[in-house]
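Data first, discussion second: the structure below is written as structure tokens.
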Amino acid sequence: MRLLITGAGGFLGRYVVAEAVAHGHRVRALLRPAARTFPPAWEGNPRVQVVCGDLRDAKGVAALLEGVDGVIHLAASKSGDLYEQFGGTVIATENLLSAMVDAALSRIVVTSSFSVYEYLALPQWSVLDESTSLAADPLVRDEYCQTKLVQERIVLECADAHDWRCVVLRPGVIYGRDNLWTARLGMQVNDRWWIRTGASAPLPLTYVENCAEAIVLATEYEGPQRRLVLNVVDNETPTQREYLNALRNQVTPRPRIVPVAWGVMRVLARLAWLTNWVCFKGTAKVPGLFVPSRLHARCKPLRYTNQKIVSLLGWQPRYSWQEGIQRSLSPLDAADFPLADQAQPGAQALLVEQVQ
Amino acid sequence: MIQPATSLYPIEKNKLSVVAVGGGKISEHHLHTMKNLGFINVVGVSDLSPSLARFTAERFNVPGWFTDYRAMLEKCEADVVHVLTPPATHDRIVRDCLTSGRHVIVEKPVSLSHSGFQELWDYAAARNLRLIENHNYRFNDPVRQLEQIVDSWRIGTVAEVDVRMVLNIRGGGRYADENLPHPSHRLPAGIIHEFISHLAYLLLHFMPHDDFRDIGPVQAAWRNHGGGTLFTYDDLDALVMAGAVHGRIRFSCRQWPDCFEVVVRGSDGVARAELFHPTCQLTTRRPVGQHLTPLVNALAGARTIASSGFGSIWRKIRNRTAYEGLSRFLELTYEALRTGGEPPVSFRQMDETSRLVDALLAEENRI
């Protein structure tokens, strides 16, 4: 297939490009205009065409889709205020969808996030899967949750209206090189001090290379369902304590962890919420960990399953979570290696070996 | 002229019906403020992006959303339109709104030139409609306190007015985005055009003058100290004279911390208003004698600084921003619209602001 991959220069995108090429696809990798670098392996590779553009500008989007069979849409904005995130996530998607309609394209994979789910109403230790309700009151959550919900809605509405093949993937916590910390661990005060809450809560981790493979498999999905929403979580879900201990032992200087019991944090957040409503009619702005819906979204002990994605796509995460951490801290980055493809079946194995 | 059709959306009795053009960040402030003013019923919002229009409408319980403001003007029965789009689009949208027979409240600047403003003003006047530019910072508490100090002669005769804004917009955010340059980079004053009206109306507000002819000479140094091609200018240093009164406008992206202050120096003292960390500080002759006056001023200053520090944290918790003046501005504006009284921002204030911005940008005044 000829694929347009948006957000190709990002943390996840670089691995998705490598994985798509490994699966024999031709890739048009979209980088943002100010992106200065991309993996050297892309240069001169006949299967990768690097293009620059910004999806927030509707003008250039049609040209990006010329000669393309499907789209893997990873581009999104995670920082800035609501309107910056809205532009980078929703308006970018809106322009892409509109250009896809004009180009009569009908295949898209979009990465969303676990942040779209409702956590406050979920009982502890219940199973979070694709049937879990979406956030009931996104306005009290964060900008990322709000914009991802809108993005999902417009993608699914457009796919329904035009009968596209569409997979919305909701990865849990994607971790990898330079992205080993997650807000689900609590609060990172600085490089040295971490506040951890909910030590026994399992983490819905997916290692970036595993997740990249799931995305490419979703693109290749030819099953009977034309619209799919799938969670992406690796087979093992280590607890916060296990993950942090493994991480702490490999990071220098060794961080200091201040544990706060989940029950205590819950009570503190509840008190802060009550005070806010009684004294300020809910208008006060307090740190995320003191907002119950955000605290629950980050640290509530829940169980996770990847049953649906495994059964529908046949995805099997290639690396365990310990291997994921090891590869993330290795001096060699898999995204920088020569791209393997189906014509050279041994190449991927070699690459795995080199990294470990 | 587009005649409003029968409204598709419910009209509440005894409430003014309002629509908003533009669903961005400034729209959020307007809609939030209007929601808190009990006598306004927002019936429609439009934005070029359907997702943003719909999102904004859902968020503020607005019954109608549109991607074409003309369709909104046609379908919604509204008394007033808020124009909250980028400055370069104002002329066309404001004219269309006036043509449809609605009063217009518009974000600054009404137009990118004084001639553009004058044309729109004449167009509104010919239709007996109001055209009101948002001068929200004039209604912030520290500026109102400063007004009281100046009006009560506690600093004597005004000799110098200094308006200074420091914003680290080069450090990140929408204005520093090189991927898709913000449309304001293409304005005559580049990105500073987003802020220049605020600086101009505050300066003029505190500079005593009978007529705009009293203003001058004007000299302005527009610079791009940070270099690069994204920013046309990132620094402005301007001198504006009005007879014996010296005025100065400063804008910089290269200093720390961010600030927005108005300092008025007079024959008997100095008063300083800070809008980002709301305070108003007065140094003046105290009724304790020559020797103790510095001590009393220092103690008063220390008290102001301490309360500003705690106040900043408190405001952060209370989620209050420097847009607090918008609420008072809109309240007074709608009061004027309901009663037929004078709006809080007069023609003269808008006219002079626009003229001063033109003068600051004029080639012959550049240094």
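Can you pull out every residue in the range A:238-259 that is outside any loop (DSSP other than H, G, I, E, B) and among the polar types (S, T, N, Q)?
A:Thr239, A:Gln240, A:Asn245, listed by residue number.
What number goes with the only condition from (1) in a helix (DSSP H, G or I); (2) more than 19 Å from the chain's Cα centre (by Cα) that B:Phe195 does not pass?
Failing condition for B:Phe195: (2).
Filter the range A:295-305 down to residues that are touching a Pro at 6+ places or on another chain (Cβ under 9 Å) and open to solvent by 20 Å² or more (accessible area, probe 1.4 Å) and give me whichever is nearest to A:Gly198 (Cα to Cα).
A:Arg303
Name the single residue that is nearest to B:His103 (Cα to Cα) among those in the range B:339-367 being outside any helix (DSSP H, G or I) and among the aliphatic types (A, V, I, L, M).
B:Val345
Starting from residues that are free of Cβ contacts under 8 Å to residues at least 60 places away in the same chain and over 25 Å from B:Pro208 (Cβ atoms), keep the ones in the range B:230-278 and report whichever is most open to solvent (accessible area, probe 1.4 Å).
Looking at residues that are free of Cβ contacts under 8 Å to residues at least 60 places away in the same chain and over 25 Å from B:Pro208 (Cβ atoms), I get B:His277.
Okay, residues lined up against (1) away from chain A (no Cβ under 13 Å); (2) open to solvent by less than 10 Å² (accessible area, probe 1.4 Å):
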{"position": "B:Ile26", "(1), (2)": "no, no"}
{"position": "B:Val45", "(1), (2)": "yes, yes"}
{"position": "B:Asn61", "(1), (2)": "no, no"}
{"position": "B:Arg70", "(1), (2)": "yes, no"}
{"position": "B:Ala78", "(1), (2)": "yes, no"}
{"position": "B:Thr85", "(1), (2)": "yes, no"}
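Which condition number does A:Gly80 fail, the rest of (1) modelled with pLDDT of 95 or more; (2) at positive phi; (3) within 10 Å of chain B (Cβ to nearest Cβ) being met?
Exception for A:Gly80: condition (1).
From the list B:Arg286, B:Arg348, exactly one residue is without any contact (Cβ under 8 Å) to a residue 12 or more places away in the chain and either within 14 Å of another protein chain (Cβ to nearest Cβ) or surrounded by 13 or more Cβ atoms within 10 Å (Cβ to Cβ) (or both). Which is it?
Within the list B:Arg286, B:Arg348, the selection yields B:Arg286.
Given the criteria under 26 Å from A:Leu313 (Cα atoms) and at pLDDT 90 or above, does A:Pro138 qualify?
Answer is no for this residue.
Determine which member of the set B:Ile196, B:Ile192, B:Ile155 is away from chain A (no Cβ under 14 Å), surrounded by 21 or more Cβ atoms within 10 Å (Cβ to Cβ) and without any contact (Cβ under 8 Å) to a residue 60 or more places away in the chain.
The unique qualifying residue is B:Ile192.
Being exposed (fewer than 13 other Cβ atoms within 10 Å of the Cβ), within 12 Å of chain B (Cβ to nearest Cβ) and more than 17 Å from A:Asp142 (Cα to Cα) is the filter here; which residues of the range A:267-292 pass it?
Across the range A:267-292, the qualifying residues are A:Cys279, A:Lys281.
So which residues in the range B:43-54 are closer than 14 Å to B:Leu84 by Cα and touching a Phe, Trp or Tyr at 6+ places or on another chain (Cβ under 7 Å)?
Result: B:Gly44, B:Val45, B:Ser46, B:Leu52, B:Ala53.
Return only the number of the condition from (1) within 13 Å of another protein chain (Cβ to nearest Cβ); (2) open to solvent by 10 Å² or more (accessible area, probe 1.4 Å); (3) touching a strand residue (DSSP E or B) at 6+ places or on another chain (Cβ under 9 Å) that A:Leu31 does not satisfy.
Unmet condition: (2).
Considering A:Glu353, A:Glu323, which residue is among the acidic types (Asp, Glu) and at pLDDT 80 or above?
Working: A:Glu353 fails: at pLDDT 80 or above.
Matching residue, one of A:Glu353, A:Glu323: A:Glu323.
Select from the range B:308-345 the residues that are touching a residue at least 24 places away in the same chain (Cβ under 8 Å) and among the charged types (D, E, K, R) and list them in ascending order.
Result: B:Arg315, B:Glu324, B:Arg328, B:Glu331, B:Arg338.
Could you grab me the full set of residues in the range B:47-59 that are outside any helix (DSSP H, G or I) and either of a type in the set (D, E, K, R) or open to solvent by 20 Å² or more (accessible area, probe 1.4 Å) (or both)?
Selection gives B:Asp47, B:Leu48.
May I ask you to list pairs of residues, at least six apart or on different chains, whose Cβ atoms are under 8 Å apart, with the first in the range A:164-182 being farther than 21 Å from A:Gln151 by Cβ and the second being assigned to a strand (DSSP E or B) and modelled with pLDDT of 90 or more?
A:Tyr175/A:Leu205; A:Tyr175/A:Thr206; A:Tyr175/A:Tyr207; A:Gly176/A:Tyr207
Could you check, for the range B:110-123, whether at least one of its residues is assigned to a strand (DSSP E or B) and open to solvent by 60 Å² or more (accessible area, probe 1.4 Å)?
Within the range B:110-123 (the criterion being assigned to a strand (DSSP E or B) and open to solvent by 60 Å² or more (accessible area, probe 1.4 Å)), the answer is no, since none of the residues qualifies.
Which residues, counting only those in the range A:215-237, are outside any strand (DSSP E or B) and either over 21 Å from A:Tyr15 (Cβ atoms) or without any contact (Cβ under 8 Å) to a residue 40 or more places away in the chain (or both)?
A:Glu222, A:Gly223, A:Pro224, A:Gln225, A:Arg226
Scan the range A:159-202 for residues that are assigned to a loop (DSSP other than H, G, I, E, B) and open to solvent by 50 Å² or more (accessible area, probe 1.4 Å) and jot them down.
A:Asp163, A:Asp178, A:Trp181, A:Val189, A:Asn190, A:Asp191, A:Arg192, A:Ser200
Residues B:Asn179, B:Asn140, B:Asn168, B:Asn128: which one is among the polar types (S, T, N, Q) and within 14 Å of chain A (Cβ to nearest Cβ)?
B:Asn179
Mind checking which pairs have a first residue in the range A:43-70 that is away from chain B (no Cβ under 11 Å) and a second that is among the small types (Gly, Ala, Ser) and open to solvent by 40 Å² or more (accessible area, probe 1.4 Å), Cβ under 7 Å, 6 or more apart or different chains?
Final answer for the pair search is A:Ala62/A:Ala103; A:Leu65/A:Ala103.
What residue, among those in the range B:124-140 that are open to solvent by less than 50 Å² (accessible area, probe 1.4 Å) and not in a loop (DSSP other than H, G, I, E, B), is farthest from B:Pro87 (Cα to Cα)? First the steps, then the outcome.
The initial filter retains those residues of the range B:124-140 that are open to solvent by less than 50 Å² (accessible area, probe 1.4 Å), namely B:124, B:129, B:131-140.
Okay, now just the ones that are also not in a loop (DSSP other than H, G, I, E, B), so B:124, B:131-133, B:136-139.
Numbers: B:Ala124: 18, B:Leu131: 15, B:Ile132: 15, B:Glu133: 12, B:Asn136: 16, B:Tyr137: 18, B:Arg138: 20, B:Phe139: 22 Å.
The residue in question is B:Phe139.
The values are calculated or read from the model by the stated rules, or taken from the named source; none is laboratory data. On a predicted model such as this, the values are computed, not experimentally measured, just so you know. Positions of Cβ are generated from backbone atoms using ideal geometry, with glycine treated the same way; all protein chains shown enter the neighbour counts. Note: areas computed on protein heavy atoms with side chains; ligands, DNA, RNA excluded. Shrake-Rupley method; radii C 1.70, N 1.55, O 1.52, S 1.80 Å.
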